[in-house]
Amino acid sequence: MSKVGVIFDLDGVIVDTAKYHFLAWKKLADGLGFEFTEEHNELLKGVSRVRSLEILLDIGNVTVSEEKKQEFLVSKNEDYLGYITKMEADEILPGASELLDALDAAGIKYVLGSASKNAPLILKQIGLYDRFEGIVDGNSVSKAKPDPEVFLIGAEKLKLSPDQCVVFEDAIAGIEAAKNANMISVGIGDKNTLSEADYNFNDLTEVPVNFFEALMTLN
Ligand code: B16
Ligand code: MG
């Protein structure tokens with residue numbers, strides 16, 4: 001492979017917004033009168049907003065009208081926005097800024113590939129918005145991960161073929177999406193959970209300096 005490009009997931013790779021999703025979903029569950037735990041929240045990682053609500057309502061064994069679901073989606077997002085509009089650069093996860101610097105220095109382009117419709121706002125809050133070659137988020141896709149759509153649009157933005165793209169993901173659905181897109185997958189987080197990934201690191205500080213160089217010498 002003579003050239004590589006990188007596609008970064010957002011939540012769980014660049015920032016930890018899962019904690020804010022948790023607080024906002026928990027408030028909704030509290031209002032509906034059932035318990036929503038951090039373990040339940042794990043099921044929502046990398047999953048779209050609409051699908052997250054369906055999972056949450058299943059957990060509480062709650063059935064509501066479509067109209068009510070729309071209301072819940074709006075109120076949950078308003079609560080979530082209350083948290084993310086306070087985010088700053090100090091919430092960038094360890095190793096992320098350094099990795100982007102290393103990619104810039106090596107002339108390797110990168111885009112964002114996130115399920116979040118709030119991704120542009122979050123990137124602006126933490127001061128990374130202008131660093132990305134392109135942003136593919138929940139507003140640009142019609143099919144959620146594990147469908148490869150989000151990453152295939154990312155490859156187009158990178159002007160590379162899928163097999164030249166390296167995806168950094170923290171969610172099982174995201175690793176599956178990368179595989180479905182025929183891309184190289186890097187799991188960030190628990191190696192056992194993300195055992196399907198081609199490469200695994202606990203966090204971005206562990207990515208070796210020669211990682212991309214080594215990939216380019218393969219094949
Ligand atoms: P929003 P990622 C995902 O972000 C989150 O992991 C997931 O928990 C969330 O439901 C989804 O974004 C949608 O977020 O409500 O902001 O549109 O991991 O794909 O960057
Ligand atoms: Mg994620």
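Go over the candidates Leu10, Leu73 one by one and state the one that is of a type in the set (A, V, I, L, M, F, W, C) and either more than 16 Å from ligand 2 (Cβ to nearest atom) or free of Cβ contacts under 8 Å to residues at least 24 places away in the same chain (or both).
Of the residues listed, the single one that is of a type in the set (A, V, I, L, M, F, W, C) and either more than 16 Å from ligand 2 (Cβ to nearest atom) or free of Cβ contacts under 8 Å to residues at least 24 places away in the same chain (or both) is Leu73.
Of all the residues in segment 92-131, those that are part of a helix (DSSP H, G or I), within 15 Å of ligand 1 (Cβ to nearest atom) and surrounded by fewer than 18 Cβ atoms within 10 Å (Cβ to Cβ) number 4. None of Lys26, Lys86, Lys45 is modelled with pLDDT under 95, under 20 Å from Lys117 (Cα atoms) and within 16 Å of ligand 1 (Cβ to nearest atom) except Lys45. Looking across segment 9-23 at every residue that is assigned to a helix (DSSP H, G or I) and near ligand 1 (Cβ under 10 Å from one of its atoms), the one that is farthest from Glu133 (Cα to Cα) is identified as Phe22. Pairing each residue of segment 153-182 that is β-branched (Val, Ile, Thr) with any residue that is away from ligand 1 (no atom under 16 Å from the Cβ), provided the two are 6+ apart or on different chains, yields C-beta distances under 6 Å for Val166/Val4; Val166/Ile184; Ile175/Glu196.
Of everything in segment 72-83 that is surrounded by 12 or more Cβ atoms within 10 Å (Cβ to Cβ) and more than 10 Å from ligand 1 (Cβ to nearest atom), the residue that is nearest to Asp170 (Cα to Cα) is Tyr83.
Look at segment 99-117: where a residue is closer than 11 Å to Val209 by Cα and a partner is away from ligand 2 (no atom under 16 Å from the Cβ), sitting 6+ places away or on another chain with Cβ atoms under 7 Å, you get Leu99/Val207; Ala102/Val209; Ala106/Phe212. Screening Asp137, Asp198 for residues that are over 28 Å from Asn77 (Cα atoms), modelled with pLDDT of 95 or more and not assigned by TED's automatic domain parsing to the domain that holds Ser52 leaves exactly one candidate, Asp198. A single member of Gly82, Gly60, Gly107 is more than 16 Å from ligand 2 (Cβ to nearest atom) and either aromatic (Phe, Trp, Tyr) or closer than 26 Å to Pro162 by Cβ (or both), and it is Gly107. Looking at this structure, is Glu54 surrounded by fewer than 15 Cβ atoms within 10 Å (Cβ to Cβ), assigned to a helix (DSSP H, G or I) and within 16 Å of ligand 1 (Cβ to nearest atom)? For Glu54, the condition - surrounded by fewer than 15 Cβ atoms within 10 Å (Cβ to Cβ), assigned to a helix (DSSP H, G or I) and within 16 Å of ligand 1 (Cβ to nearest atom) - is met.
Against the definition (assigned to a helix (DSSP H, G or I) and of a type in the set (D, E, K, R)), how does Lys179 come out, yes or no?
Against the criterion (assigned to a helix (DSSP H, G or I) and of a type in the set (D, E, K, R)), Lys179 qualifies.
Residue count for segment 132-171 under the criterion of being within 21 Å of Lys45 (Cα to Cα), charged (D, E, K, R) and assigned to a helix (DSSP H, G or I): the result is 1. If a residue must be of a type in the set (Val, Ile, Thr) and more than 19 Å from Phe211 (Cβ to Cβ), how many such residues does segment 173-200 contain? Summing the residues that are of a type in the set (Val, Ile, Thr) and more than 19 Å from Phe211 (Cβ to Cβ) in segment 173-200 gives 1.
Checked against (1) without any contact (Cβ under 8 Å) to a residue 60 or more places away in the chain; (2) assigned to a loop (DSSP other than H, G, I, E, B); (3) crowded, with 22+ Cβ neighbours inside 10 Å, Leu194 passes all but a single condition, namely (3).
The values are calculated or read from the model by the stated rules, or taken from the named source; none is laboratory data. Keep in mind that what you see is a predicted model, and the values were worked out from it rather than measured. Neighbour counts are summed over all protein chains in view; Cβ atoms, including those assigned to glycine, are modelled from backbone coordinates with ideal geometry.
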